[in-house]
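Remarks on the structure that follows.
The values are calculated or read from the model by the stated rules, or taken from the named source; none is laboratory data. On a predicted model such as this, the values are computed, not experimentally measured, just so you know. Counting neighbours? That spans all protein chains shown, and the Cβs are built from the backbone with ideal geometry, glycine included. Ligands, DNA and RNA are excluded from the accessible area calculation, which covers all protein heavy atoms including side chains. Shrake-Rupley method; radii C 1.70, N 1.55, O 1.52, S 1.80 Å.
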Amino acid sequence: MIEDLWYKNAVMYNLDVGTFMDANGDGYGDFEGLMRRLDYLAGLGVTCLWLLPFQPTPDRDNGYDITDYYGVDPRHGSLGDFVEFMHQARGRGIRVLMDLVVNHTSDQHPWFKAARGDKRSPYREWYLWSKKRPKNFQEGMVFPGVQKTTWTYDREAREYYFHRFYDFQPDLNTQHPAVQAEIRRIIGFWLELGVCGFRVDAVPFVIETEGPGEKPLLRFDYLRELREFLQWRCGDAILLGEANVLPPEHLRYFGPEDDRMHMLFNFFVNQHLFYALASGDVRPLVKALRTTNTLPPSAQWGQFLRNNDELDLGRLTDTQRQAVFAQFGPDERMQLYQRGIRRRLAPMLGNRPQLELAYSLLFTLPGTPVIRYGDEIGMGDDLTLKERSAVRTPMQWSDEPHGGFSTAEKTVLPVIDTGVYAFGNVNVAVQRRDPESLLNWTERIIRMRKECPEIGWGTCKVLSTGSPHVLALRYDWRGNAVIAVHNFDTKPHSITLTAEAEQHERLVNLLSEQHSVADERGRHHIPLEAFGYRWFRVGSLQYILQREKV
Ligand code: NOJ
């Protein structure tokens, strides 16, 4: 039954166990700490957690360099703690999605150690080697400016190995049957422990064939094989893919037969959304929404504002990217990899009305919202930290030392303790007590999002507003409809929704008492303040009450 697709209306929350809550006082967040914060997350309205990698790791890329796929890094606790945590999460109706990082391992993984140390080791073929330095050894780096090559000479192996990311992350040969069998074992292992699916890291690179001098091919069939296996083991588990690719490619990742990724992050909309926030002009965003609007029935977008990485603007035109840099990352220190901004949402936007606008939009974009931990309280960034660590500082719980994150002397990364975003000013405890805080506002908007299932399930249509600054989206599902209107400009605007939009005399405002009644020609005139937003249900209040009775 189609209602069983739970992810269509989930509220996802992305966190790193290592920076969320430290219960044992060693300076690293752990599963015990996360467990103690489950009621906070349930109260916020979160229904699904996406955990960043928590397996054993030398931690040179925030855990995306794994040395054992079947364990928990001792800094975060034990496998036993993980299972306890899963039990407690289930008790609160919270699902858990975890990262599947199988494009590469750490160079400290026993497989790579065996592979580099012995040509005859069965693990040798698990990685990609070249006797000579390939001509393209300086092409295709994901972290330009920091990463120098994609093929690096290994003295021990006496050959070059391929690494799409940092040189300490050798790529696995994912075409090899034994590697594929191991990936299935990893998936099967964590499914048995209760996860509801995987955020699949670096999907385009996982399915890409890579050999010295070879023209890479994308093996989309492999995605179908992964999904088949996953769903054979656990019918309602999902794959949420990280694939920052252009719109014509999206369908190939979802599968034209609706049989590959269940979800993809919508990087394309994300970047155009930031352009709209920076410029006040929604037209490119409208285009991005239109070009990503047609999906197979079981497919769904993951919509987000910020994530664990830099804000990647690589898909914008140069002029658009410069406009976003100028507004949100003018200082070179704020920019990264020649394409992005390493800042958190709150300091970029800098004011509450625009923050609310951005969040209100996140919860009314077509797809499932994915929140980044700490954004619900408006946490800041620390630009003194290296690369993406700027946006990965520990969660700020209170005004106690280290923001209540840890009782240790030193923490995994320093908690922000200076300036407007210092933990003394921005923390959960203070905001919990203030009914007008961003935290309580977010909780209310999440509640409203859950009461509008049309957004997750329905068909989305961009309505014409007659203004380049105002975006209006309408969702229809089972005879019910919701309209969301957002003004991206620093000035107020009034827009008119024509009868084409809803053909209903009344639009019920879901967030305040300012309902809209159509004029004699069936048009709705909607005044919006600077950065103003409205959520309307199409129809009379009585109609809604009837709906609620059902
Ligand atoms: C994407 C992750 O979000 C990023 O943090 C990581 O560096 C790369 N994949 C490599 O695993």
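Here are Val324, Val391, Val282: which of them is within 16 Å of the ligand (Cβ to nearest atom) and buried (at least 20 other Cβ atoms within 10 Å of the Cβ)?
Numbers: Val324 fails: within 16 Å of the ligand (Cβ to nearest atom); Val282 fails: within 16 Å of the ligand (Cβ to nearest atom).
Unique residue meeting the criteria: Val391.
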Residues that are more than 16 Å from the ligand (Cβ to nearest atom) and farther than 16 Å from Phe254 by Cα, drawn from segment 203-218: Thr209, Gly211, Pro212, Gly213, Glu214, Lys215, Pro216, Leu217
Some residue of segment 234-245 being aliphatic (A, V, I, L, M), closer than 24 Å to Glu139 by Cα and within 18 Å of the chain's Cα centre (by Cα): yes
Pick from segment 169-225, criterion surrounded by fewer than 20 Cβ atoms within 10 Å (Cβ to Cβ) and of a type in the set (Lys, Arg), ranking: nearest to the chain's Cα centre (by Cα): Arg224
Residues of segment 144-182 that turn out to be assigned to a strand (DSSP E or B), in contact with an Asp or Glu (Cβ under 8 Å, 6 or more places away or on another chain) and either in contact (Cβ under 8 Å) with a residue 24 or more places away in the chain or within 14 Å of the ligand (Cβ to nearest atom) (or both), as a count: 5
Residue list for segment 21-42, restricted to those being open to solvent by 40 Å² or more (accessible area, probe 1.4 Å) and in a loop (DSSP other than H, G, I, E, B): Asn24, Asp26, Tyr28, Arg37
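Residue-wise test of (1) free of Cβ contacts under 8 Å to residues at least 24 places away in the same chain; (2) in contact with an Asp or Glu (Cβ under 9 Å, 6 or more places away or on another chain); (3) closer than 27 Å to Phe265 by Cβ.
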site: Leu100; (1), (2), (3): no, yes, yes
site: Ala115; (1), (2), (3): no, yes, no
site: Tyr123; (1), (2), (3): yes, no, no
site: Asn136; (1), (2), (3): no, no, no
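Collect the residues in segment 43-69 that are in a loop (DSSP other than H, G, I, E, B), within 18 Å of Met86 (Cα to Cα) and within 12 Å of the ligand (Cβ to nearest atom), keeping them in residue-number order.
First, the residues of segment 43-69 that are in a loop (DSSP other than H, G, I, E, B): 45-47, 52-69.
Of the ones still in play, those that are also within 18 Å of Met86 (Cα to Cα) are 45-47, 52-55, 69.
Answer for segment 43-69, where residues must be in a loop (DSSP other than H, G, I, E, B), within 18 Å of Met86 (Cα to Cα) and within 12 Å of the ligand (Cβ to nearest atom): Leu52, Pro53.
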Within segment 292-321, considering residues that are over 30 Å from Lys148 (Cβ atoms) and over 18 Å from the mean Cα position of the chain (by Cα), the one nearest to the ligand (Cβ to nearest atom): Leu295
Of all residues in segment 228-238 being open to solvent by 20 Å² or more (accessible area, probe 1.4 Å) and of a type outside the set (Asp, Glu), the one that is farthest from Phe162 (Cα to Cα): Gly235
Qualifying residue in segment 229-244 (condition: at pLDDT 95 or above, part of a strand (DSSP E or B), of a type in the set (Asp, Glu) and within 16 Å of the ligand (Cβ to nearest atom)): no
Any hit, segment 295-306, residues being modelled with pLDDT under 95 and closer than 15 Å to Pro247 by Cβ: no
First in segment 50-76 and in contact (Cβ under 8 Å) with a residue 40 or more places away in the chain and within 15 Å of Arg388 (Cα to Cα), second anywhere and more than 12 Å from the ligand (Cβ to nearest atom) and among the aromatic types (Phe, Trp, Tyr), Cβ under 8 Å, 6 or more apart: Gly63/Phe54
Qualifying residue in segment 64-71 (condition: of a type outside the set (Phe, Trp, Tyr), under 22 Å from the mean Cα position of the chain (by Cα), open to solvent by 10 Å² or more (accessible area, probe 1.4 Å) and assigned by TED's automatic domain parsing to the domain that holds Thr19): no
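Answer yes if at least one residue in segment 403-424 is out of contact with any strand residue (DSSP E or B) (no Cβ under 7 Å at 6 or more places or on another chain), in a helix (DSSP H, G or I) and assigned by TED's automatic domain parsing to the domain that holds Leu52, and no otherwise.
Yes: segment 403-424 contains one or more residues that are out of contact with any strand residue (DSSP E or B) (no Cβ under 7 Å at 6 or more places or on another chain), in a helix (DSSP H, G or I) and assigned by TED's automatic domain parsing to the domain that holds Leu52.
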Selection from segment 84-143 of residues that are assigned to a strand (DSSP E or B), within 16 Å of the ligand (Cβ to nearest atom) and charged (D, E, K, R): Asp99
Single residue of segment 4-20 satisfying the filter (over 18 Å from Arg306 (Cα atoms) and part of a helix (DSSP H, G or I)) that is most open to solvent (accessible area, probe 1.4 Å): Asp4
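Being over 25 Å from the mean Cα position of the chain (by Cα) and farther than 28 Å from Trp50 by Cα is the requirement here; does Gln138 meet it?
yes
Select from segment 418-442 the residues that are open to solvent by 70 Å² or more (accessible area, probe 1.4 Å) and either small (Gly, Ala, Ser) or touching a residue at least 12 places away in the same chain (Cβ under 8 Å) (or both) and list them in ascending order. Quick ask: steps written out before the conclusion?
Going residue by residue through segment 418-442, those that are open to solvent by 70 Å² or more (accessible area, probe 1.4 Å) are 418, 420, 425, 432-433, 435-436.
Of everything in segment 418-442, just one residue is open to solvent by 70 Å² or more (accessible area, probe 1.4 Å) and either small (Gly, Ala, Ser) or touching a residue at least 12 places away in the same chain (Cβ under 8 Å) (or both), namely Val420.
Per-residue answers, yes or no, for (1) polar (S, T, N, Q); (2) in a helix (DSSP H, G or I); (3) under 25 Å from Gly456 (Cβ atoms):
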position	(1), (2), (3)
Arg306	no, no, yes
Gln322	yes, yes, no
Met348	no, yes, no
Leu357	no, yes, yes
Thr364	yes, no, yes
Some residue of segment 81-98 being surrounded by 20 or more Cβ atoms within 10 Å (Cβ to Cβ) and polar (S, T, N, Q): no
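For segment 285-303, how many residues are open to solvent by 30 Å² or more (accessible area, probe 1.4 Å) and assigned to a helix (DSSP H, G or I)? Explain how you work it out, then say what you get.
Initial filter on segment 285-303 (open to solvent by 30 Å² or more (accessible area, probe 1.4 Å)): 287, 290-291, 293-295, 297.
Add one more test, that the residue is assigned to a helix (DSSP H, G or I), and what stays is 287, 290-291.
Within segment 285-303, residues that are open to solvent by 30 Å² or more (accessible area, probe 1.4 Å) and assigned to a helix (DSSP H, G or I) number 3.
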Boolean, Val200 is within 16 Å of the ligand (Cβ to nearest atom), closer than 23 Å to Gln55 by Cβ and in the same structural domain as Leu230 (by TED's automatic domain parsing): yes
